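Just below is one structure, and these are the notes that go with it.
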Amino acid sequence: MSLVKAGIVVLDCAEPEKLAEFYAGLLDAEVTHASANLVEITGAAGTRLGFRRDVNATPPSWPRPEASLQAHLEFLVEDLDEAERRIVGLAGRPLETKGAAGAHEERQYADPAGHSFTLRLRPSTAPKQN
């Protein structure tokens, strides 16, 4: 019998309620736990995320190395353009990508608190980028 029953990725942020709202909108999730300093959500596909209050939180600097120690989230999607519209509508933003021309298998974004994440096509239909 396993001692650990489930894992959850927790992001530090100044306003966990607002960040939980962003990811709940992106993942069609619902809040499954809320306290003064932590909000947890569970998405329709079972994805679990938590958001812990840190009043001194500063956005990560990815891809700059001086403050890049962080978790990196990836979400599998079937339509990158549709997912991007949802992200921007929820106050997320695309991150600059280099040499972008044509179809891509993945795109990088930042949530409203500055955490980076990647959308990746599933199944992958784009040609490999060199």
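Of the residues R86, R107, ranked by 1.4 Å probe accessible area with the largest first, the sequence reads R86, R107. Computed on protein heavy atoms with a 1.4 Å probe, the accessible areas place R53, R93, R48, R122 in the order R122, R93, R48, R53, largest first.
The values are calculated or read from the model by the stated rules, or taken from the named source; none is laboratory data. All values derive from a computational prediction rather than experimental measurement. Keep in mind that these areas ignore ligands, DNA and RNA; they rest on the heavy atoms of the full protein, side chains included. Shrake-Rupley method; radii C 1.70, N 1.55, O 1.52, S 1.80 Å.
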